[in-house]
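The values are calculated or read from the model by the stated rules, or taken from the named source; none is laboratory data. Quick caveat, the model's predicted, so the values are computed rather than measured. Please note: Cβ atoms are built from the backbone with ideal geometry, for glycine as well, and neighbour counts cover all protein chains shown. Keep in mind that these areas ignore ligands, DNA and RNA; they rest on the heavy atoms of the full protein, side chains included. Shrake-Rupley method; radii C 1.70, N 1.55, O 1.52, S 1.80 Å.
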2 protein chains.
Amino acid sequence: MTKVAIIGYGVVGSGLIELIDKNREKHSKNEIVITSILVRNKDKYIDSSHREVITTSVEEFFSAESDVVIEVMGGLHPAYDYVKNALLLKKHVVTANKDLIATFGHELFQLAKENNVSLKFEAAVAGGIPIIKPLTESLYGNGINSIQAILNGTTNFILTKMNSESLSYEEALKEAQDLGFAEANPESDVMGYDSARKLAILSSLAFDKKFQWNDISIEGITDIDENDFKYANKLNCKIKLVAESFKCKSGIYTSVKPILVDEQSILAKIDNEVNAVILNGDEIGELLFVGKGAGKLPTGSAVYSDLNDIINNRFTDVDSFNKEEANVIKFASKTCNCILRIKTSNIDEAINKCRENFNNIKIIDKSISGEVAIFIECTSEAYVEKFIENLKNEDNYEDAKKLIVA
Amino acid sequence: MTKVAIIGYGVVGSGLIELIDKNREKHSKNEIVITSILVRNKDKYIDSSHREVITTSVEEFFSAESDVVIEVMGGLHPAYDYVKNALLLKKHVVTANKDLIATFGHELFQLAKENNVSLKFEAAVAGGIPIIKPLTESLYGNGINSIQAILNGTTNFILTKMNSESLSYEEALKEAQDLGFAEANPESDVMGYDSARKLAILSSLAFDKKFQWNDISIEGITDIDENDFKYANKLNCKIKLVAESFKCKSGIYTSVKPILVDEQSILAKIDNEVNAVILNGDEIGELLFVGKGAGKLPTGSAVYSDLNDIINNRFTDVDSFNKEEANVIKFASKTCNCILRIKTSNIDEAINKCRENFNNIKIIDKSISGEVAIFIECTSEAYVEKFIENLKNEDNYEDAKKLIVA
């Protein structure tokens, strides 16, 4: 018998409990017993078949017997204290909480080790896609060179709608909120923070180093407008919020930003709330995982798989979060292509400035009054950033921005 | 210390040994010692740093101390006897051998269970793609409804070349052989047997039943010609050898056959020696895995991951091969679209026959003398087969064949 105590009974929690209940027969030899469920408001669960173990008291929750504590409440606090407490009580912990792992991973894994228990987090990245287990177990000993991923379903849904239905950012966000794909306060998703936290976790495992998620160069999708899509279409591209990290000579480049990807590429085919992770390794070459990045049952399934690992005594040492800190690089040493959008009263001068500063430029569009869009090939991202900064300081230039083209 | 004895030192064996040697530092607490390597011809390995443990004597091999026996020689015999012997000697076994698992899985897993050891086979399906572990561990308790996959790199390479370079089947096969992607005797690959064996293994795990691989409806690529690609192109499709199984009311449909897939679909993007597996489940929805299906290091990496599971005491019960036999269905109950190619002296009559027998037909091409290609929508595969059989019995009809359009 395995005694399980669950913190949170929301979307993921109810998916997990559904899977536990559905598979009772499979566990006949080693029954899973839910001994306590900690919630904020007990009234919501009067119809649950588990209502007798539901509690709002933290004290009561931790006094219930349990072998495994599952944290599916989300957010940093009080989840951090609860998980810490569970580890100190020598209970195995399963969490779906990327914020927690990305922010306190080093501390929590250390604590798990000291208390000789396991801390598992398959659901923290890419929901229903098995990615933590492949990285830590299947690809153990492989040299990973790069990660390229779409890790946030909300922004991918918004970008898909903006592209396919020519919606504005605000309209697409509203639709995502109405359908439950975006939260009332979408900041963490649309600003790219959620992707960055997940990227930090994957990078840590892939490169066996500690990553601070806020060291990552992050750009969200809030500034993407209809004209970006217009220019993207001219280049036969789609816009995706790409989370990327790869080895450079001096460190590891990590970034989350909207990128133009060729419409024939695999990433361009990843639409709506779907997630994708592409790993490139010395031994395995390119490996791609695609699936639902969120939702009750996909994420519940990932949590359930962690629980089953613990029940079956399958443990994996995760010490990457306690290794030396990665040297996170903001600008890659390799060259890139980009679109430069310049808002100015003097378009000819702007074009000339580009000609002077870059070797290969191509004017994409001058049809919007007071704006020119220029394709720049084979340049350095740092140099483009500097160029934009300088432009913005000049009188004639209202605004300028770049979009990387993969 | 973990003592490992390896049967075979070919492509996969050398990849595995490279990974073991590369990661010695990571295993400092639990050193991997290769105690014996069984080969056919010792002379080939005089430069190997492991030459002192290389033997051609089966007796000597099995008398060497070992905790794990790794079988990477391939083929049914004598691999079957060696693996059986290892299990009887209570050694954990890792194998990369799909023929072995697909043919003797039920017997070998039973033997492993009786001897309280583990039999692992991640490398047996889709080479470097982690798929056995996701299916047996990450998706445990999930209801899988369907598998759709490209599981054979050789045929996918040949079909890619035929499509992109307008080569004949023979020319593309020759190129695959020259590049080492196809064996001198390519039968098992091009006839679809290799895909069928891998599909049987995946289906067994996904549907928790025993599958006989030769119950699967199998069609290879040897009859695919340039005109098939011509017609496929007219429908904006590519031709892929698709291994597929899905739940029907009366059983499980399983088939390996060349299928026309829309050129915008993910499967159409899987080119050359790459493999892909799409799982569709009640909880996770659609999950896609793409990666190298063969090769020294991708396959070596899969074997190495199994070895690491054993070293870390991570065991998974696999009993699907010993469950009741699946009711394998040859024709799905759902409708399908297809191209019908009819070689006849009387094309008009052939078209009329099609009109009489099928509701929605469209003539794709009549430009080849003595042949007509007709697109048939929403029909039953069994009915088309019967129609073809009847046509072939008539005097005016030289030949007829169908190609399913996804």
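For the reader, a short list of remarks on this structure follows.
- Residues in the stretch B:10-59 that are small (Gly, Ala, Ser) and surrounded by 11 or more Cβ atoms within 10 Å (Cβ to Cβ): B:Gly10, B:Gly13, B:Ser14, B:Gly15, B:Ser36, B:Ser48, B:Ser57.
- One residue stands out among those in the stretch B:303-315 that are surrounded by fewer than 20 Cβ atoms within 10 Å (Cβ to Cβ) and out of contact with any strand residue (DSSP E or B) (no Cβ under 8 Å at 6 or more places or on another chain): the one that is farthest from B:Ile17 (Cα to Cα), which is B:Phe315.
- Every test in (1) farther than 21 Å from A:Ile374 by Cα; (2) in a loop (DSSP other than H, G, I, E, B); (3) within 22 Å of the chain's Cα centre (by Cα) is passed by A:Ser250 save one, and that test is (3).
- Members of the stretch A:282-305 that are in a strand (DSSP E or B) and either more than 8 Å from chain B (Cβ to nearest Cβ) or among the acidic types (Asp, Glu) (or both): A:Glu286
- Filter result (in contact (Cβ under 8 Å) with a residue 40 or more places away in the chain and under 19 Å from A:Gly192 (Cα atoms)) within the stretch A:95-118: A:Ala96, A:Lys98, A:Asp99, A:Ile101, A:Ala102, A:Thr103
- Residues that are in a helix (DSSP H, G or I) and in contact with a Lys or Arg (Cβ under 7 Å, 6 or more places away or on another chain) were ranked within the stretch B:364-390; the one that is surrounded by the most Cβ atoms within 10 Å (Cβ to Cβ) is B:Val384.
- Taking the numbered list (1) facing chain B (nearest Cβ under 9 Å); (2) within 26 Å of A:Lys3 (Cβ to Cβ) in turn, A:Lys269 passes all entries but (2).
- Among the residues making up the stretch B:104-140, those that are within 15 Å of B:Leu202 (Cβ to Cβ) and outside any loop (DSSP other than H, G, I, E, B) are B:Gly105, B:Glu122, B:Ala123, B:Ala124, B:Ile132, B:Lys133, B:Pro134, B:Leu135, B:Thr136, B:Glu137, B:Ser138.
- Matching residues in the stretch A:1-51 - criterion: being farther than 20 Å from A:Ala64 by Cβ, within 12 Å of chain B (Cβ to nearest Cβ) and not in a helix (DSSP H, G or I): A:Asn23, A:Lys29
- Any hit, the stretch A:344-360, residues being closer than 21 Å to A:Ile224 by Cβ and surrounded by 17 or more Cβ atoms within 10 Å (Cβ to Cβ): yes
- The one condition in (1) part of a helix (DSSP H, G or I); (2) in contact with an Asp or Glu (Cβ under 7 Å, 6 or more places away or on another chain) that A:Pro258 fails to fulfil: (1)
- Looking across the stretch B:85-102, the residues that are surrounded by 18 or more Cβ atoms within 10 Å (Cβ to Cβ), out of contact with any Leu (no Cβ under 6 Å at 6 or more places or on another chain) and not in a loop (DSSP other than H, G, I, E, B) come down to B:Ala86, B:His92, B:Thr95, B:Lys98, B:Leu100, B:Ile101, B:Ala102.
- Breaking point among (1) open to solvent by 50 Å² or more (accessible area, probe 1.4 Å); (2) at pLDDT 95 or above; (3) away from every other protein chain (no Cβ under 14 Å), for A:Glu183: (2)
- Reported count of residues in the stretch A:144-169, each being open to solvent by 10 Å² or more (accessible area, probe 1.4 Å) and within 26 Å of B:Lys22 (Cβ to Cβ), is 3.
- Beta carbons closer than 7 Å, at least 6 apart along the sequence or on distinct chains, pair a first residue in the stretch A:123-147 that is at the interface with chain B (Cβ under 7 Å from one of its Cβ atoms) with a second that is of a type in the set (D, E, K, R) and part of a loop (DSSP other than H, G, I, E, B) for A:Asn142/A:Asp282; A:Asn142/A:Glu283.
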